[in-house]
Amino acid sequence: MIDFSRNHFELFGLPERFRFDPAMLDSAYHALQGEVHPDRHAAASATEQRIALQSSARVNEAYRALKDPVARAQYLLSLHGVDAFDETNTALPFAFLERQLERRESAETAMADGDAQALETVLADVRAEAGELEHRVASLLDVDGAWAAARGAVRELRFLAKLAADVDAMLAAQDN
Amino acid sequence: MALLQISEPDAPPVPREQRLAVGIDLGTTNSLVATVRNGIPVVLPDERGHPLLPSIVHYGEFGVDVGHAAQLVQARDPQNTIVSVKRLMGRGLADLPDERRFPYRFIEEPGMVRLATRAGVKSPVEISAEILRALRVRAEASLAGKLAGAVVTVPAYFDDAQRQATKDAAKLAGLDVLRLLNEPTAAAIAYGLDNAAQGTYAIYDLGGGTFDISILKLTRGVFEVLATNGDSALGGDDFDHRVYCWILEAAGLPPLSPEDTRLLMMKAREVKENLTLHDATPVIARLSDGSKVDLSLDGETFTAITTQLVAKTLGPVKRALRDAGLTPADIQGVVMVGGSTRMPQIQRAVGDFFGQPPLTNLDPDQVVALGAAIQANVLAGNRATGDDWLLLDVIPLSLGLETMGGLTEKIVPRNSTIPVTRAQEFTTFKDGQTAIAVHVVQGERERVADCRSLARFELRGIPPMAAGAARVKVTFQVDADGLLSVSAREQTSGLEAAIVVKPSYGLSDAEISRMLEDSVAHAADDMAARALAEARVEADQLAMVTHAALAADGDLLSPAERRTIDGALADILRLRDGADAKALLAATDALNRATGDFAARRMDRGVARALTGRSVDALT
């Protein structure tokens, strides 16, 4: 059984930061699954198999939460008592929203025209902005420790991730 | 000088060193069984040396035939000779694209379709169990012993209903299922270990009736599936059918009898196979009314009439790459699996798409069974040095719940690494609502009606509250077989309801045990003897792993805990040679309970060791 009170960073032996070497996360993940994965306990007692299932699922969940930038930022904020996606404050800067709405409209037009190239362009734009935003989030979290102030940037990051996923789905729909 | 070994007087009988384990590829067209012998995976042939068992079951007047014997009579007795039963697994009549393609007498039943045969009404699970039983008997004869367990492969794109049906069939065949393993993943294990491959690979697996594409990352002994996609009703059968339709049209034939239909379907397969090696092939057949079909089909025409089918495989390939966040140029190699990948037009299309010739240096018919055998050997506990590789697989289709308005709320997205546990809170819609209905679905579509319904259950007895006040937490757990269980819990009252998802398309546990009891091989004394034998195997197994655990980590126990465990071990030793299966099972249970905390602490130690080892690595 793994200690379920340990946080995700402690579980992988990583510093509590937004930026870290992804290779360290991957190798810690593989090392932990190498111990707890049900395949490693398939010949063991029923109890041990159940514990392996729970532990392995817990490691997968922690890995997912640290691998994805939005989930990682949200998690890091939650460790500092900040709920990034609290429903009571959902405001985003007007200029930001306007830019994304325009992109969504271009994507929808491209989708209707069956223009995969234009969709790829929108997707690349969204990802480029998300990349820059990640730098800002990293600096707010890792340098300034500005937990509450980082909230807005993290919300924007999530907005961009959703938009990218939607455009990606439009592209996938054209793959048929 | 070698010393003779003497075991401790109170040690349990030492179980055989090598536990017999097999990998089974239960295919649409052919099935295989393989094992690891002296460290090398090998397919076990039948007594005539055939490695492949045609997945055909004939319910004859004097009993059931499986394989080549059934194949011989299929054109004569098509309605009692079941081919491609895999396409029916976990499927209702409404799911079958064109039921007239099958010459069977279908019976519509809630859940899975049934077939009327000479031997009575049969479910696809029972028919598949006949194939699995034949393979078990073959393996037990060849290995001269009872199997400890089997890894059974399934298409990666099989949904929960199809997986559950496969597992049920294996149980019915008397197999202890160590794991359901995805076919492309099995192939990746066999290929990757054999070639010491590193990097990102695509496994393109076109079988007789199913298509899978899996993208895997291979890094230092870790096989990590990044994404999978496919079509669980697309395969070589469909290419046969195109050729069959071409024959009907070219020869201007009227609607045919079931016998002639089956004859021409077999002919179509032959033609397809011939075209792998030849540019053209004659199509000659004599129908039951004495008329003759005399045609010739060339490769160009064959390619033309199957273009759409080939293109149909590329959609899933693109979606899998997209889900993995990759492009064709990121792929180091494309491994071809499944007999249907022998078709030249498939190899050309895949080569063109990835911009590199696909890897065809392994037997596409055997590689899945070999990979399954390697996995089975490790899971059974026969781990040897070099076997410390790890497999991380995913679920192919999102799992979710029905919410208001017939919409799906996804709880576990597709391509999540398994095992996975995910929970979500829901609330009540009306004031004073005392029950909620949980409808579990699988699929990617927004509307519930477009997804596969897996199960329904209700959580009743919620204390009356204002709408939106109740907190119902629904937890999805997918195990390493890719099988789902769901539980719901009302947080304020602690009320709980849980089910292992037995899809509306599956068979209930009661049905399975009835079938087991019904089967002739399980007469009454037989049942008792079998129960005792199974209890002994289980007790020995647990005693063995407990002794190993005590030897390795016994220091984690207090003297009192150690005494409890030793006591439980002594009980097993005392009971194992008796005739009381129930008492032996109870003692096994007791040992299981007594070692619960111990197992948890050992897991913790393993976790600590994994991280320590890693930081040491990082320093050097």
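The values are calculated or read from the model by the stated rules, or taken from the named source; none is laboratory data. Quantities reported herein were computed from a predicted structural model and do not represent experimental measurements. Note that each Cβ is placed from the backbone with ideal geometry, even for glycine, and that neighbours are counted across all protein chains shown. Calculation scope for accessible area: heavy atoms of the full protein, side chains included, ligands and nucleic acids excluded. Shrake-Rupley method; radii C 1.70, N 1.55, O 1.52, S 1.80 Å.
In the stretch B:348-387, comparing the full protein assembly with the chain on its own, the residues that lose 30 Å² or more of accessible surface at a 1.4 Å probe are B:L379, B:R383. Using a 1.4 Å probe on the protein heavy atoms only, what accessible surface does B:Y157 show? Give it in Å² to the nearest 10. Using a 1.4 Å probe on the heavy atoms, I get roughly 40 Å².
For chain B, the relative contact order is 13 percent, taking Cα pairs closer than 8 Å that sit 6 or more residues apart in sequence and dividing their mean separation by the residue count. Heavy-atom accessible area buried between chains B and A is around 3700 Å² (1.4 Å probe, both sides summed). In this structure, no residue pair taken from A:K67/B:K473; B:K410/B:K430; B:K272/B:K292; B:K217/B:K312 has a Cα-Cα separation over 27 Å. Extending 7 Å from the Cα toward the beta-carbon at both A:S139 and A:A46 defines two label points whose distance is 5.8 nm.
Among the protein heavy atoms of the stretch B:262-368, carbon and sulfur supply 50% of the accessible surface, probe 1.4 Å, non-protein parts ignored. Can you compute the equivalent ellipsoid semi-axes for the stretch A:69-153, i.e. the square root of 5 times each eigenvalue of the Cα gyration tensor, sorted largest first and rounded to whole Å? Taking √(5λ) for each eigenvalue gives 30, 14, 11 Å, largest first. Computed with a 1.4 Å probe over protein heavy atoms only, the accessible surface of the stretch B:326-484 comes to 40 Å² per residue. Taking Cα atoms only, the orientation of helix B:124-143 departs from the longest principal axis of chain B by about 70 degrees. Here the stretch A:22-176 has 54 percent of its accessible surface on carbon and sulfur atoms, given a 1.4 Å probe and all protein chains in place. A protection proxy built from the mean count of other Cβ atoms within 10 Å ranks the segments B:577-590, B:547-560, B:120-133, most packed first, as B:120-133, B:577-590, B:547-560.
In the protein assembly as shown, a dipole from Cβ-located charges (positive for Lys and Arg, negative for Asp and Glu) runs towards its positive end, and of B:P45, B:T417, B:P155 it is B:P45 whose Cα lies farthest in that direction. Electrostatic tally near B:A150: other residues with Cβ closer than 13 Å to its Cβ, Lys and Arg +1, Asp and Glu -1, net +4.
Given R0 = 45 Å, the distance between the Cβ atoms of B:R601 and B:N38 translates into a calculated FRET efficiency of 0.80. The long axis of helix B:307-324 is offset from the longest Cα principal axis of chain B by roughly 30 degrees.
Quick check: from the Cα gyration tensor, does the protein assembly as shown come out rounded (a/c under 1.5), prolate or oblate? Note, shape of the protein assembly as shown comes out oblate. Using the 1.4 Å probe convention, the accessible area of the stretch A:32-99 works out to 41 Å² per residue with neighbouring protein chains retained. Placing A:F9, A:F85, B:F429 in order of accessible area, with the largest value first and a 1.4 Å probe, yields B:F429, A:F85, A:F9.
The accessible surface of the stretch B:25-116, taken with every protein chain in place and a 1.4 Å probe, is 50 percent carbon and sulfur. Taking packing as the residue-averaged number of other Cβ atoms within 10 angstrom, the listed peptides B:177-184, B:289-296, A:15-22 run from highest to lowest as B:177-184, A:15-22, B:289-296. The angle between the Cα long axis of helix A:94-113 and the longest principal axis of the Cα atoms of chain A comes to about 80 degrees, rounded to the nearest 10.
In the neighborhood of B:I203, defined by Cβ-to-Cβ distances under 11 Å, what is the net charge if each Lys or Arg adds +1 and each Asp or Glu adds -1? Neighbourhood net charge equals -3.
Modelled this way, with points 7 Å down the Cα-to-C-beta line, the labels at B:A449 and B:T492 are 3.5 nm from one another. Given R0 = 35 Å, the distance between the Cβ atoms of B:H68 and B:D388 translates into a calculated FRET efficiency of 0.30.
Classification of the stretch B:386-469 by its C-alpha gyration tensor yields a prolate form. The axis ratio a/c (a ≥ b ≥ c) is 1.5 or more, and a/b outweighs b/c.
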